[in-house]
Amino acid sequence: MNNNTKTRIETLRTLIKYHNDQYYIHNAPEISDHEYDDLLNELQTLESTNPALIDPNSPTQQVGNDTALQDGTIAHGIPMLSISNSYNTSDMYEFDTRIAKDLAENYTYTIELKLDGIAVNLRYKNGELYQALTRGDGKRGEDITENVKQIANLPHKLTSPYPQHLEIRGEIYLTFEQFNKINAQRAKNNENLFANPRNAAGGTLKLHDSGVVAKRGLSITLYAPGASDQLQAKTQLEFVNLLKHWGFNTNQTTLCANIDEALTEIKKWQEERFNLTYPTDGMVIKVNSFEQQKKLGATTKSPRWIIAYKFPAERAKTQILSIEVQVGKTGVLTPVANLKPVLLAGTTVKRASLHNFDNIYTKDIRVGDTVEVEKAGEIIPYIVKVVPTDKPRQTIIDLPSHCPCCQQKVKKDEDGVFYRCTNPICGEQFKSKLKYFASRNAMDIDGLGESIIEQLINNNLIKNFADLYKLNIEQIIQLDRMAEKSAENLIKAIHQSKKQPLRRVLYALGIRHIGTTTGATLEKYFKNIDEIISASIEDLENIEDIGPIVAKAIYDYFHSEEGIRTINSLKELGLTMQSAPPKIKHKQIFANKTFVVTGSLKHFTRTTIKEQIISLGGKASSSISKKTDYLLAGEKAGSKLKKAQELNIPILTENDFLNLTQID
Ligand code: IVH
């Protein structure tokens, strides 16, 4: 092993973790699955030839990558594993050779389309749907039951006979038509567009308002059993027929006598998939017999009886006109290529992210080059490679020495991949920071979208987080597309965010290495922000799950000029920055009770009231039905209040609710 190998392994781990976050947390992938798998394979190969460098925290050692898992996750009956990918026929033959060797008996395959959506685990008891979970980290997922219940083609009650306990897996997806409708609406509202139908489906499932989810028009298809009572099916093909009998939408499934028949089917769909109304990214080949599946077993990451064949992404050739550098929320400089417009998979591509300077140098990308562009997902294009030429080329761009926005000197990260502008008052950096600060997992400030942020900063109304809390209605009304009512709502949302618990504030500040998980970990150990500020690096390192790099990043932030100024000013403006009381201590006084919240509340935001209801054992739903147990009505409650009265549903005021919750 030499030093270069060690550096490359670290670089790959950093890059893979970065792309995991882009895909799972931000719903904004920058590279295709193929390129991601190439990075992962390179890392796997290097680690297997250098076992001394294997690290339990390496992305190769982890099953799920959803590092944004919240508290209150629920265990799957059996883990939800992933499927190994292949991109060519020789991988498929290799897979078949291994199956033949391991089974040493006759076998058949089924082949199905691989829908590009979000995996879900459903639970039915006595034929009734009662729980839906995300894949999460593969072992535990988040409860998305209320949102999943809004899916029109999902039966809530099954056609008998069915086992008493049934767990099944499927994919939630959006048709191209629904996806385009959603993005058209978002464009109208000046909101960020979803990159592709998969991200739009993922974003929709994370919403807190099942009424909005219902309008998004999600669909579902089911394809695999989870942990269930004895099933009346001995093969995948029989299982798909059972699914149909129960009333589920299923993938079209073809039985193949051998791998060649499966490859013929793949060839057929490679072209035909463009006529489908929903997104697919490949095909899934499964050993048909459940008994043989069991014999073959699984590695920690994926079962040995299944493989996915990924369809090649669409590519086009074009020329790089120029390369510019953008500044992200932690000051990371991202090079972006401006391209000669080219038509690719239905849209005109004009720009492509170059991700980082390592990528530019590894692929030797230069201005003026002809390049092959591909789309990761449906919208985000990236550069696969440079088309070789005999003609003279321009020189490769220099590594950045100064920030393109504020002209301050930039610094290279210690992991050697990213370059950063370290100027705390860099304008571009602050725009990215504020977007993140206001986002759903952070301070959750409704209505503070990208265009408002741009205007607030360009009009010099705010220069730092604290300024946000000093804004008044008159200043906001002046902005484009701002009516009095929405200005009022925005001020209210900003004000309400002052009570966000410590973990959200820690995440919102955009401190390097602090995601929602680290935020939640810190909140378990510290009562308030002052306790974190006075913690030593050693104190922080002693916390389970916090390593030296993260400990140093936290310590550095709270001892930096910017950190101290930010925290002091936020404190002065009334942000509480306290840890929320631990959830486990609450008595489950609302066990199995469904609440609907309406009207405006004084003590809670929509998110905190829901968190409170859930922590006390209840459920929060957005629409009133006979199943609603309580309506919590704030001021100016409207149609929901009327409907609750008609249905004789008990109505609580905010004070009633507070009185009830003080039992604890
Ligand atoms: S079977 C071991 N069948 O692809 C997993 N999965 O990339 C058993 N997927 O997590 C699942 N179409 O979300 C199966 N026809 C299909 C599928 C399918 C899409 C998803 C699934 C899985 C992911 C892996």
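The values are calculated or read from the model by the stated rules, or taken from the named source; none is laboratory data. Predicted model, so just to flag it, every value in this text is computed and none were measured. Every residue, glycine among them, receives a Cβ derived from its backbone with ideal geometry; neighbour counts consider all protein chains shown. Accessible surface areas use protein heavy atoms only, side chains included; no ligands, DNA or RNA. Shrake-Rupley method; radii C 1.70, N 1.55, O 1.52, S 1.80 Å.
Laid out as a table, the results:
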| read-out | value |
| --- | --- |
| Selected from 175, 426, 119, residue furthest toward positive end of dipole (the chain; charges at beta carbon) | 175 |
| Extension gain from residue 653 to residue 57, taking 0.36 nm per residue of separation minus the Cα-Cα distance | 209.8 nm |
| Three-way shape label, segment 122-210, alpha-carbon gyration tensor, a/c 1.5 | prolate |
| Flagged links, alpha-carbon separation over 30 Å, of 215/571; 234/593; 206/593; 188/375 | 215/571; 234/593 |
| Solution diffusion estimate, µm²/s, Stokes-Einstein, segment 501-582, Kirkwood Rh from C-alpha pairs, 10 °C, viscosity 1.306 mPa s | 127 µm²/s |
| Global form of segment 221-366, assessed from the alpha-carbon gyration tensor, a/c cut-off 1.5 | prolate |
| Computed [θ] at 222 nm, deg cm²/dmol, the chain (DSSP H ≥ 4; -39,500 (n - 2.57); rounded to nearest 500) | -10500 deg cm²/dmol |
| 22 Å tail of the calculated P(r), segment 203-287, as % of Cα pairs | 46 percent |
| Computed magnitude of the charge dipole of segment 479-519 (debye, nearest 20; Cβ of K, R +1, Cβ of D, E -1) | 240 debye |
| Within the accessible area of segment 479-610 (1.4 Å probe), percent carbon and sulfur | 52 percent |
| With 10 Å bins from 0: P(r) over segment 399-544, alpha-carbon pairs, percent | 10, 33, 32, 21, 4, 0 |
| Using a Förster distance of 41 Å, the FRET efficiency for residue 386-residue 291 (Cβ separation, nearest 0.05) | 0.20 |
| Anisotropy class of segment 253-333 from Cα gyration tensor, a/c 1.5 cut | oblate |
| The chain - charge dipole about Cα centre, Lys and Arg +1 at Cβ, Asp and Glu -1, debye rounded to 20 | 1500 debye |
| Of every Cα-Cα pair in segment 314-446, the percent that sits beyond 24 Å | 39 percent |
| Whichever aspartates and glutamates have a C-alpha closer than 17 Å to that of residue 412, once near sequence neighbours (fewer than 8 apart) are set aside | 10, 358, 398, 556 |
| For segment 164-248, alpha-carbon Rg over 2.2 N^0.38 Å | 1.39 |
| Alpha-carbon Rg/Rh ratio, for segment 144-303, with Rh computed the Kirkwood way | 1.00 |
| Cα-based convex hull volume of segment 302-352 per residue, rounded to whole Å³ | 144 Å³ |
| Length released on extending from residue 342 to residue 470, taking residue separation times 0.36 nm less the Cα-Cα span | 41.5 nm |
| Signed unit charges on C-beta, dipole axis of segment 285-407, positive-most listed residue 347, 359, 395 | 347 |
| Burial order of peptide ranges 242-251, 225-234 (average beta-carbon count within 10 Å, highest first) | 242-251, 225-234 |
| Neighbour cut-off at most 12 other Cβ (10 Å), DSSP loop, trypsin sites (Lys or Arg not before Pro), segment 600-642 | 602, 626, 627, 636 |
| Sites residue 422 and residue 537 - FRET efficiency at Förster radius 25 Å, r taken between beta-carbons, to 0.05 | 0.80 |
| Gain in span if fully extended, residue 350 to residue 321, counting 0.36 nm per residue against the direct Cα distance | 9.5 nm |
| Calculated FRET value between residue 184 and residue 412, using beta carbons and R₀ = 35 Å, to 0.05 | 0.25 |
| DSSP bridge pairs, the chain: antiparallel proportion in percent, nearest 5 | 85 percent |
| More than 22 Å apart - percent of Cα-Cα pairs taken over segment 520-626 | 50 percent |
| For the chain, accessible area per residue (1.4 Å probe, heavy atoms of protein chains only), Å² | 48 Å² |
| Excluding exposed DSSP-loop GluC sites (Glu not before Pro) (at most 12 other C-beta within 10 Å), longest clean stretch of the chain | 106-413 |
| Per-residue ³J(HN,Hα) for segment 550-563, Karplus 6.51 cos²θ - 1.76 cosθ + 1.60, θ = phi - 60°, Hz, x for Gly and Pro | 5, 4, 5, 4, 5, 4, 4, 4, 6, 10, 8, 4, 5, x |
| Reciprocal mean inverse distance between Cα atoms of segment 78-119 - Kirkwood radius, Å | 12.7 Å |
| Cα-based equivalent ellipsoid, segment 415-471: semi-axes from gyration tensor eigenvalues, Å | 21, 15, 10 |
| Dimensions (Å) - the chain, Cα atoms, principal axes, largest first | 74, 72, 49 |
| Over segment 366-434, volume per residue of the alpha carbon convex hull, in Å³ | 153 Å³ |
| Separation of the residue 42 and residue 17 label points, Cα + 7 Å toward Cβ, nm | 1.8 nm |
| Alpha-carbon Debye profile of segment 317-395, log10 I(q)/I(0) at 0.19, 0.27 Å⁻¹ | -0.79, -1.38 |
